[in-house]
Amino acid sequence: MTPSLFITGTDTGVGKTFIGCLLAESIRGAGKTVGVLKPFSAGDLDDAAALHRSAGRPGPVDRVTLLYSRLPLAPAAQVGLGRGGRTVVEKTFAKTLSAVKELQKQFDSVLVEGLGGVLAPLGGPYVVADLIARLRLPVWIVGRAGLGTLNHVLLTVEALRHRGLTPRRIILSGHTGHDLSEKTNARILEGLTGIPLTEIPRSNERAPLDKAKRKLWAAFKTDFPFGYEKK
């Protein structure tokens with residue numbers, strides 16, 4: 001089966017796209033192909049375009065996003081996608097499922113990125129967690145590395161488990177080693193959730209992306225041992 005993954009976050013702006021892009025580049029760096037999808041986008045298409053570039057995919061970026069909302073708000077807050085958006089969202093769910101199946105036929109791996117957190121309202125009665133439930137893909141939760149992430153990650157895990165969904169891995173993005181909470185966050189979260197956790201370092205001129213990519217590729221191979229066997 002094609003290794004396929006849904007990347008969600010504890011909030012908006014926590015690094016979902018950053019992690020998705022680095023993982024896509026890592027997969028390609030290992031000589032594998034990767035298909036990407038961000039079914040719902042709002043405000044702009046920058047994240048979808050970044051995923052598109054990282055996957056090395058040709059063609060227009062609108063192949064990555066299936067429902068674009070112009071305002072930088074949750075889709076449910078957009079005109080036509082509030083309480084009356086049920087049909088539009090259901091059609092997008094169906095398109096997403098079909099798109100994922102097609103990508104799985106074409107590529108060695110598939111990455112799907114969510115919008116905001118798991119309870120971000122998409123329109124009608126639906127939230128991002130409903131999309132995850134439809135796709136039935138393994139889930140990585142991306143959260144901030146520092147102070148405040150314990151509550152956000154635990155709430156996200158609880159919301160997913162309440163729907164019968166078990167996260168595959170927690171990713172703490174932007175680890176600096178300087179924030180006092182970073183010394184205990186990983187241990188506490190692994191202990192309370194039983195979910196494997198990977199800390200991804202903050203990257204800058206002194207800390208290039210290579211280490212982050214290696215850690216993501218190692219985590220991906222661990223989570224999909226039948227897709228990327230050790231050689």
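The values are calculated or read from the model by the stated rules, or taken from the named source; none is laboratory data. Just so it is clear, the structure is predicted and the values come from calculations on it, not from any experiment. Every residue, glycine among them, receives a Cβ derived from its backbone with ideal geometry; neighbour counts consider all protein chains shown. Accessible surface is based on the protein model in full, side chains and every heavy atom, while ligands, DNA and RNA are left aside. Shrake-Rupley method; radii C 1.70, N 1.55, O 1.52, S 1.80 Å.
Of all residues in region 41-66, those that are in contact (Cβ under 8 Å) with a residue 40 or more places away in the chain and either in a loop (DSSP other than H, G, I, E, B) or open to solvent by 10 Å² or more (accessible area, probe 1.4 Å) (or both) total 3. Scanning region 94-118 for residues that are open to solvent by less than 60 Å² (accessible area, probe 1.4 Å) and under 17 Å from ILE27 (Cβ atoms) returns VAL100, LEU103, GLN104, PHE107, SER109, VAL110, LEU111, VAL112, GLU113. Please find, among PRO125, PRO121, the residue that is closer than 21 Å to ASP44 by Cα and either open to solvent by 60 Å² or more (accessible area, probe 1.4 Å) or not acidic (Asp, Glu) (or both). Going through PRO125, PRO121 in turn, just one is closer than 21 Å to ASP44 by Cα and either open to solvent by 60 Å² or more (accessible area, probe 1.4 Å) or not acidic (Asp, Glu) (or both): PRO121. Within region 203-221, residues that are under 12 Å from SER173 (Cβ atoms) have Cβ atoms under 7 Å from residues that are open to solvent by 50 Å² or more (accessible area, probe 1.4 Å) and at pLDDT below 85 in these pairs: SER203/LEU209, counting only partners at least 6 apart in sequence or on another chain. All of (1) under 16 Å from the mean Cα position of the chain (by Cα); (2) open to solvent by 10 Å² or more (accessible area, probe 1.4 Å); (3) modelled with pLDDT under 95 hold for VAL79 with one exception: (1).
Looking only at region 83-93, decide whether some residue is under 27 Å from PRO208 (Cβ atoms), over 15 Å from the mean Cα position of the chain (by Cα), open to solvent by less than 60 Å² (accessible area, probe 1.4 Å) and of a type in the set (Gly, Ala, Ser). Checking region 83-93: not a single residue is under 27 Å from PRO208 (Cβ atoms), over 15 Å from the mean Cα position of the chain (by Cα), open to solvent by less than 60 Å² (accessible area, probe 1.4 Å) and of a type in the set (Gly, Ala, Ser).
Here GLY227 passes the criteria (1) at pLDDT below 95; (2) out of contact with any strand residue (DSSP E or B) (no Cβ under 9 Å at 6 or more places or on another chain); (3) open to solvent by less than 40 Å² (accessible area, probe 1.4 Å) except the one numbered (2). Screening GLY194 against (1) modelled with pLDDT of 95 or more; (2) under 18 Å from GLY148 (Cβ atoms); (3) surrounded by fewer than 15 Cβ atoms within 10 Å (Cβ to Cβ) leaves a single unmet condition, (2). Please verify whether ILE141 is under 28 Å from GLN78 (Cβ atoms), in contact with a Pro (Cβ under 7 Å, 6 or more places away or on another chain) and at pLDDT 95 or above, treating the condition exactly as stated. Considered against the rule, which asks whether it is under 28 Å from GLN78 (Cβ atoms), in contact with a Pro (Cβ under 7 Å, 6 or more places away or on another chain) and at pLDDT 95 or above, ILE141 comes out as yes.
Restricting attention to region 170-191 and to residues that are in a strand (DSSP E or B) and out of contact with any Leu (no Cβ under 7 Å at 6 or more places or on another chain), the residue that is most open to solvent (accessible area, probe 1.4 Å) turns out to be HIS175. Residues in region 29-40 that are under 13 Å from the mean Cα position of the chain (by Cα) and in a strand (DSSP E or B): VAL36, LEU37, PHE40.
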